[in-house]
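Everything on this sheet refers to the single structure shown next.
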Amino acid sequence: MDILTLMAAFLILAGGIAALISKSAFNKLIMLGVLTAGAVMLFVKDGFLDAAIAVSLLMPVGTLFILFLLGKKKEAAND
């Protein structure tokens with residue numbers, strides 16, 4: 001097992017466990033980004049460049065969408 005696989009596995013596990021433990025929705029988004037970084041590393045290592053590109057393009061869009069929904073939720077709570 002090479003070092004890149006170990007680093008990717010560490011990122012995936014650390015991001016997943018931290019997202020489960022975290023209480024804040026914003027911290028969960030950050031940890032989801034860490035998890036995704038590990039997954040993209042594995043995709044590139046295994047040669048799935050098309051999947052890595054798709055994840056790299058769709059993850060920020062999904063993050064913005066979730067942030068938009070969190071803003072709406074806080075806005076509705078203030079009314």
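The values are calculated or read from the model by the stated rules, or taken from the named source; none is laboratory data. Treat the numbers as computed from the prediction; the structure is a model and nothing was measured. Cβ sites come from the backbone with ideal geometry, for glycine too, and all protein chains shown count toward neighbours. Areas reflect the complete protein model, heavy atoms only, side chains present, ligands, DNA and RNA absent. Shrake-Rupley method; radii C 1.70, N 1.55, O 1.52, S 1.80 Å.
Structure data summary
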| quantity | calculated |
| --- | --- |
| With every protein chain in place, the chain: carbon and sulfur % of accessible area (1.4 Å) | 77 percent |
| Selection from Thr36, Leu67, Ser24 lying farthest towards where the dipole of the chain points positive, charges on Cβ | Ser24 |
| Under 21 Å from Lys74, Cα to Cα: lysines that are on another chain or at least 8 residues apart | Lys23, Lys28 |
| Alpha-carbon Rg with Dmax, taken over segment 8-48, Å | 10.7, 35 |
| Square roots of 5 times each gyration tensor eigenvalue, C-alpha, the chain, largest first, Å | 29, 16, 5 |
| The chain - accessible surface per residue (Å², probe 1.4 Å) | 72 Å² |
| Gain on full stretching of the segment that runs from Ile53 to Asn78 - 0.36 nm per residue minus C-alpha separation | 5.1 nm |
| Ile66 versus Ile17: modelled label distance in nm, points set 7 Å from Cα along the beta carbon direction | 2.0 nm |
